[in-house]
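A.B. asks: Quick one: structure below, then a few questions.
The values are calculated or read from the model by the stated rules, or taken from the named source; none is laboratory data. The structure presented is a predicted model; accordingly, all values stated were derived computationally and were not measured. As a convention, Cβ positions derive from the backbone with ideal geometry for all residues, glycine included, and neighbour counts pool all protein chains shown.
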Amino acid sequence: MRTSLRLRYLRGVFEKFIHYIQSKGSTVVIFLPSYHPTSYDLLMKNSKYMIIKDVEIYLNNFASSNSVEIFGSYNPHKYNFTNIDFIDGMHSFDYVIEEVFKEYKKQLSI
């Protein structure tokens with residue numbers, strides 16, 4: 001993962017914020033909304049945007065070691081989302097988000 005001084009600082013701020021929220025008794029859940037498949041594929045072809053994958057890896061690692069649940073993925077292919085699941089190049093239909101949170105809703109009996 002690419003690391004710079006600024007990135008390490010931002011990670012530290014993020015982690016302190018999450019720990020603060022947890023210390024107040026709140027449950028933290030992170031949602032990673034999927035990109036439109038075509039947009040995602042185009043971004044992944046450009047090394048400038050590989051930070052998207054790096055961030056997802058970091059967040060998954062952070063979540064697993066800090067009692068944080070994480071739902072979704074920037075990668076739409078993990079959920080088999082296609083172009084028809086998106087309104088435009090960035091925004092999904094509501095049912096896409098429902099699909100990502102389906103198991104969580106079962107746990108909460110919603």
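A.B. asks: Check the range 7-26 and report whether any residue there is assigned to a helix (DSSP H, G or I) and in contact with a strand residue (DSSP E or B) (Cβ under 8 Å, 6 or more places away or on another chain).
C.D. replies: no
A.B. asks: Assuming residue 13 fulfils every condition listed in (1) touching a residue at least 40 places away in the same chain (Cβ under 8 Å); (2) loosely packed, with under 13 Cβ neighbours inside 10 Å apart from one, which condition is it?
C.D. replies: Going through (1) touching a residue at least 40 places away in the same chain (Cβ under 8 Å); (2) loosely packed, with under 13 Cβ neighbours inside 10 Å one by one, residue 13 breaks only (1).
A.B. asks: If I filter the range 56-76 down to residues being touching a Pro at 6+ places or on another chain (Cβ under 9 Å) and not in a loop (DSSP other than H, G, I, E, B), which single residue comes out as surrounded by the most Cβ atoms within 10 Å (Cβ to Cβ)?
C.D. replies: Filtering the range 56-76 for residues that are touching a Pro at 6+ places or on another chain (Cβ under 9 Å) and not in a loop (DSSP other than H, G, I, E, B), the one surrounded by the most Cβ atoms within 10 Å (Cβ to Cβ) comes out as 76.
A.B. asks: So, in the range 53-76, of the ones that are modelled with pLDDT of 95 or more and among the polar types (S, T, N, Q), which residue ends up nearest to residue 21 (Cα to Cα)?
C.D. replies: Looking at the filtered set, the residue picked out is 66.
A.B. asks: Can we say residue 62 is over 16 Å from residue 33 (Cβ atoms) and in contact (Cβ under 8 Å) with a residue 40 or more places away in the chain?
C.D. replies: When the stated conditions are applied, residue 62 passes them.
A.B. asks: Output the number of the condition that residue 41 fails; it satisfies all remaining conditions of (1) in contact (Cβ under 8 Å) with a residue 24 or more places away in the chain; (2) more than 15 Å from the chain's Cα centre (by Cα).
C.D. replies: Going through the list (1) in contact (Cβ under 8 Å) with a residue 24 or more places away in the chain; (2) more than 15 Å from the chain's Cα centre (by Cα), residue 41 breaks only (1).
A.B. asks: Across the range 77-90, what is the total count of residues that are exposed (fewer than 11 other Cβ atoms within 10 Å of the Cβ) and modelled with pLDDT of 95 or more?
C.D. replies: Qualifying residue count, the range 77-90: 2.
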